[in-house]
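Scroll down for the structure; my scribbles are underneath it.
The values are calculated or read from the model by the stated rules, or taken from the named source; none is laboratory data. This one's a predicted model, so the numbers in the text were calculated from it and none came from an experiment. Here the Cβ positions follow ideal geometry from the backbone for every residue, glycine too, while neighbour counts run over all protein chains shown. Ligands, DNA and RNA are excluded from the accessible area calculation, which covers all protein heavy atoms including side chains. Shrake-Rupley method; radii C 1.70, N 1.55, O 1.52, S 1.80 Å.
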Amino acid sequence: MNPNQVLGENNPFEAMHARFDLAAKKLGLDEGFYHILRTPDRELTVAIPVYMDDGSLQVFTGYRVQHSLARGPAKGGIRYDPNVTLDEVRALAAWMTWKCAVVNVPFGGGKGGVVCDPRKLSMAEMERITRRYIAGIMDIIGPDRDVPAPDMGTDGRVMAWIMDTYAMHVRHASTAIVTGKPIELGGSQGRIEATGRGLQIVTREALQVLKRDPRTCSAAVQGAGNVGQITAHFLAQMGIKVIAISDITGAIVDEKGLDMPAVRAHLAKARTLEGYAAGERITNAQLLELPVDILVPAATENVITSRNAANVKAKLLVEGANGPVTAAADKILDEKGVFVIPDILANAGGVTVSYFEWVQDRMGYFWSEEEVNQRLETMMVKAFNDVVDMARRFECGNRIGAYMLGVDRVAKATKMRGIYA
Ligand code: NAD
């Protein structure tokens with residue numbers, strides 16, 4: 001339960017549209033293309049009947065949305081969460097379109113979701129849901145059509161089942177159908193850490209802009225999954241004092257700085273922060289208002305809203321999650337002078353290394369971790385500078401700067417392709 005949710009601010013697709021509209025206006029996008037880019041290309045809803053371990057039959061709902069294919073195959077994760085809605089998947093798909101364009105990888109944007117609670121499913125049930133869902137969306141995915149990846153509630157193991165199910169249907173091995181796979185199945189070195197590493201890179205760049213030394217900064221991180229946990233680890237490695245981290249069960253805080261290796265060891269064993277002995281317990285809502293220099297929301301959407309934005313004390317907000325800030329909260333953060341690194345830039349390290357994975361799978365030739373990290377560094381720094389330049393040039397915040405950069409690239413590709421009639 002998120003106490004800061006505000007009625008009318010919750011719909012992520014509307015939140016995406018609100019920012020898109022501002023960017024489109026500043027870019028002077030003509031009306032026809034404005035409507036094209038606002039509308040998802042394709043949406044598929046599938047029923048997923050599955051026998052549960054107790055013998056009962058349950059029907060889950062799955063979605064796959066392809067927002068844009070203008071710049072390449074759709075690309076985007078698959079989310080398993082009880083709160084997945086079609087509008088959420090639409091928003092996440094559109095964010096992938098802008099994100100891929102911001103880091104300039106040759107993909108469009110897509111996203112998938114299954115309404116289920118992975119914490120309540122056995123491994124065998126997860127596998128049956130995954131395989132049936134993939135069979136259901138089989139016609140629209142493929143290495144040249146739409147390439148899924150992990151998101152909340154899914155991981156490398158789920159990606160392996162996706163690859164196998166797809167391979168069984170097409171009757172040949174196809175590693176490039178999905179990214180975020182285990183290394184043994186054509187995954188890329190550095191993919192698991194990529195989103196967190198990208199967040200570290202943009203945080204470092206932003207601290208340079210703000211003329212702050214990381215070793216004098218403190219941070220709080222919401223979320224202890226792939227993105228939150230790994231980002232917290234990398235920030236601590238930079239010398240930043242990470243004083244709080246949370247998961248769905250709440251947060252732990254230690255003003256002296258958390259012992260990140262100990263937190264990670266506990267998470268690896270218990271898979272939850274519950275039971276971690278050191279530090280104090282606070283709520284997720286309290287974590288967001290801690291007096292820290294850097295705040296990294298890396299769990300879910302709509303956690304900073306018009307209700308709590310004024311209470312955010314951090315001067316640097318680095319969006320690990322997609323859509324953690326509502327459109328109404330943007331204005332408040334701008335007025336407070338918070339330097340925001342928006343989701344479509346900040347967490348783009350994941351899709352960037354997913355792109356590297358897809359390239360390596362297609363070549364059948366794999367890079368060292370050093371090479372992957374070096375290429376990621378180059379692309380994230382370039383995207384960061386492009387966004388900050390855009391924001392300066394058009395006298396807007398980084399979020400609208402990032403949207404302008406992404407929307408402009410997609411609009412140009414869409415116009416060049418023309419309208420097939
Ligand atoms: P994950 O499932 O690995 O971890 C999610 C974390 O958030 C867990 O610690 C969970 O307990 C916590 N959480 C879930 N619901 C919560 C709630 N309501 N309140 C507080 N905490 C909650 O997921 P992830 O892959 O780390 O993804 C997190 C966010 O980052 C999502 O918004 C996702 O779209 C985004 N993202 C992920 C990637 C990636 O590579 N995995 C890339 C880009 C963006």
Before rounding to the nearest 500, sum -39500 (n - 2.57) across all DSSP H runs of length at least 4 in the chain and divide by the residue total; then give [θ] at 222 nm in deg cm²/dmol.
-> -14500 deg cm²/dmol
If the convex hull of the alpha-carbon atoms of the range 194-346 is projected onto planes in all directions, what is the mean projected area in square nanometres?
-> 7.8
Using a 10 angstrom cutoff on alpha carbons, build the Gaussian network for the chain and name the most mobile of 45, 130, 97.
-> 45
What list of ³J(HN,Hα) couplings, whole Hz, do you get for the range 312-325 from phi and the Karplus terms 6.51, -1.76, 1.60, once you set θ to phi - 60° and write x for glycine and proline?
-> 5, 9, 5, 8, 10, 10, 10, 8, x, 6, 8, x, x, 10
GNM on the chain, C-alpha springs below 10 Å: top fluctuator among 402, 328, 348?
-> 328
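Taking trypsin sites (Lys or Arg not before Pro) that fall in a DSSP loop and have at most 13 other Cβ atoms within 10 Å as cut points, what is the longest piece of the chain between them?
1-170
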Could you give me the percent of Cα pairs per 10 Å distance bin for the chain, shortest bin first, beginning at zero and ending with the bin that holds the maximum distance?
-> 5, 23, 34, 27, 10, 1, 0
Karplus (6.51, -1.76, 1.60) ³J(HN,Hα), θ = phi - 60°, over the range 213-225, in Hz, Gly and Pro reported as x | 8, x, 6, 10, 10, 10, 9, 10, 10, 9, x, 10, x
Find the relative contact order for the chain and round it to a whole percent, using C-alpha pairs within less than 8 Å whose residues are 6+ positions apart.
-> 18
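Tell me, what are the semi-axes, in whole angstrom and largest first, of the equivalent ellipsoid of the range 208-262 as set by the roots of 5 times the Cα gyration tensor eigenvalues?
Working: eigenvalues 77, 27, 20 Å².
Semi-axes, largest first: 20, 12, 10 Å.
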Separation of the range 254-327 and the range 1-52 by C-alpha centroid, Å?
-> 26
Distant alpha-carbon pairs in the range 41-185 (separation over 22 angstrom), percent = 33
If the range 128-286 were replaced by its equivalent ellipsoid, with semi-axes equal to the square roots of 5 times the Cα gyration tensor eigenvalues, what would those be, largest first, whole Å?
-> 36, 19, 12
The set of residues whose placed amide H lies less than 5 Å from the amide H of residue 323, leaving out same-chain residues fewer than 5 positions away, is 343
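Looking at the calculated P(r) for the range 41-108, what percent of the C-alpha pair distances fall above 16 Å?
Value for the range 41-108: 52 percent of Cα pairs lie more than 16 Å apart.
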Could you please state how large a percent of the accessible area of the chain is carbon and sulfur, counting protein chains only and using a 1.4 Å probe?
-> 52
Looks like the range 106-198, by Cα gyration tensor root eigenvalues a ≥ b ≥ c and the a/c under 1.5 rounded cutoff (else prolate when a/b is bigger than b/c, oblate otherwise), is rounded
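Would you tally the net charge around residue 186, using a Cβ to Cβ cut-off of less than 13 Å, leaving residue 186 out, and scoring K and R as +1, D and E as -1?
-1
How much accessible area per residue does the chain have, counting only protein heavy atoms and a probe of 1.4 Å, in square angstrom? The partial results should precede the final answer.
Details: 17500 Å² over 421 residues.
With the other protein chains kept in place, the chain gives 42 Å² per residue.
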Which of 103, 219, 390 sits farthest toward the positive end of the charge dipole of the chain, with +1 on the Cβ of Lys and Arg and -1 on the Cβ of Asp and Glu?
-> 390
With N residues in the range 282-387, what two-decimal value do you get for its Cα radius of gyration over 2.2 N^0.38 Å?
-> 1.29
